[in-house]
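Notes to accompany the following structure.
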């Protein structure tokens, strides 16, 4: 029984003397690859208040900014009208 108490006492002393050896993990930030952005220009337009309210509501529902909605709308408009104008010419 005394050997058991000595072993436990020795273990307790050893644990008190030696700090626990925990592995140290290095944290490296993730490097994101940024896509090159196209140069931007400013566009100011006056639109009806009701249309602005609709745009804001759509933006909230679909998590889009007013800028994104405008870009999507203009791209869609131009794609449709450019296709129809080239079909008329041919």
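The values are calculated or read from the model by the stated rules, or taken from the named source; none is laboratory data. All figures in this text were calculated on a predicted structure; none of them were measured in a lab. Cβ: placed from backbone, ideal geometry, glycine included. Neighbour counts: every protein chain shown.
Looking at this structure, is residue 9 surrounded by 10 or more Cβ atoms within 10 Å (Cβ to Cβ) and either at pLDDT 75 or above or assigned to a loop (DSSP other than H, G, I, E, B) (or both)?
So residue 9 does not fit the description; no.
Could you give every pair whose Cβ atoms fall below 8 Å, whose first residue belongs to the range 61-74 and is under 16 Å from residue 42 (Cβ atoms), and whose second residue is surrounded by fewer than 12 Cβ atoms within 10 Å (Cβ to Cβ), counting only separations of at least 6 or pairs across chains?
Listed by first residue and then by second, the contacts come to 70/43.
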